[in-house]
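A short write-up of the structure that comes next.
The values are calculated or read from the model by the stated rules, or taken from the named source; none is laboratory data. Predicted model only: the values in this text are computed from it and were never measured. Ideal geometry is used to build each Cβ from the backbone, glycine not excepted, and the neighbour counts take in all protein chains shown. Protein only, heavy atoms only, side chains kept; ligands, DNA and RNA dropped before computing areas. Shrake-Rupley method; radii C 1.70, N 1.55, O 1.52, S 1.80 Å.
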Amino acid sequence: MTDSSGSVPLGGIATGIGSWPGTDPREAATIVVGELGDLPHIVELPARGVGADMIGRAGALLIDLHFDTTTRGYRLTPRQGNAARRSSVFLRDDLDALEEAWGTAGFNGLGKTVKVQTCGPLTLAAEVELANGHRVITDSGALRDFSESLAEGLSQHVAEVARRLDAKVLVQIDEPLLSDVLNGSLRGVTSMDSIGAMPAPDALNFLDTVIDAANAPVLVHNCASSPPLELLRRSHASYVGIDVAQLEPADLDGIGELLEAGKGVALGLVPSTDAPAVRKWRDLAEPALQLVDRLGFPRATLGSKVIVTPSCGLAGASDAWARKALRLSTEVARAFAEEPESL
């Protein structure tokens, strides 16, 4: 199904979160395009090492900012380091592989949508250090530069993907540390160094800077426990992605408010690591059915407002389970689109 503008899928479909096991981008792209025909995504293969993880990947998108590795992770540097070069190579290889699989599947010119992913500005700034060893997020000026650099790079990336695939683009912004940023629970360089909570309006401003620059619909993904749903509802994102297993009873009203606000919801319903006991899609669909029933929404909402995904990225899964997770996600989504009231 599509949104009211007819531009992108909104509900009753499945997609992956982004990461995938292994190191072969062409094999991964072929599988993802084959299993997720309604909303394939560019793959991320963190098993390739430095520069291929979520934080390192962002180094390929930043404009006029560079970082490299340290013993603790990543740090801003005056010029492009090996990590950023590796990240750029990995992203180019992954996009080449996706373009090849997309063409082989005959998707060019069909008006299909593809999903791209990037680490969000707040999580990125929480994980990358300044030259003095402190996190970027502790310096408001550096954080602003980070957000603007990422926004510009993401805009260029989206345009390139749309051009090369002749496709519409949905952007996923991953913000797994958003709650830590808002709660002030990030650790400093030492036990004596605390990082204060960021006011929600400030966090929203940095996030919306990147969302607005994407020039495409945006899904903000946060698979943490009790995600900050109120802030995400007020963001400019069109969709919010969550792990259903991480929700607490107190979160339910927030989900209802997202739907009432007209946002789509990506529900992580399928385990992201091997779960051999899971055999039928019906068992995985049950939490979503209970959710809409409890909130008082018609079950048709599942087919019009919900995208089905694994609970998180699949990098930690076996090859067999990764394939099965996508297949199960597609089966659940199909049931939501075709017969939700009869489930």
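Considering 150, 154, 177, 165, the condition of being buried (at least 19 other Cβ atoms within 10 Å of the Cβ), over 30 Å from residue 37 (Cα atoms) and at pLDDT 95 or above is satisfied by 177 alone.
Out of the residues in the range 227-263 that are of a type in the set (Val, Ile, Thr) and in a helix (DSSP H, G or I), which is surrounded by the most Cβ atoms within 10 Å (Cβ to Cβ)? The residue in question is 255. Counting the residues of the range 33-59 that are aliphatic (A, V, I, L, M), surrounded by 24 or more Cβ atoms within 10 Å (Cβ to Cβ) and assigned to a helix (DSSP H, G or I) gives 1.
Does residue 288 meet the test of being in contact with a helix residue (DSSP H, G or I) (Cβ under 8 Å, 6 or more places away or on another chain), small (Gly, Ala, Ser) and in a loop (DSSP other than H, G, I, E, B)? In short, no.
For first residues located in the range 80-98 and within 16 Å of residue 63 (Cα to Cα), partners that are open to solvent by 60 Å² or more (accessible area, probe 1.4 Å) and assigned to a loop (DSSP other than H, G, I, E, B) and lie 6+ apart or on another chain with Cβ distances below 7 Å form the pairs 83/50; 86/50. The condition (being in contact with a Gly (Cβ under 6 Å, 6 or more places away or on another chain) and either buried (at least 18 other Cβ atoms within 10 Å of the Cβ) or not in a strand (DSSP E or B) (or both)) is satisfied by just one residue among 207, 170, 219, 269: 219.
Among the residues of the range 132-147, those that are open to solvent by 60 Å² or more (accessible area, probe 1.4 Å) and either part of a helix (DSSP H, G or I) or touching a strand residue (DSSP E or B) at 6+ places or on another chain (Cβ under 6 Å) (or both) comprise 138, 140, 144, 145.
Taken as a whole, the range 307-322 holds no residue that is in contact with a helix residue (DSSP H, G or I) (Cβ under 9 Å, 6 or more places away or on another chain) and either more than 24 Å from residue 54 (Cα to Cα) or free of Cβ contacts under 8 Å to residues at least 12 places away in the same chain (or both).
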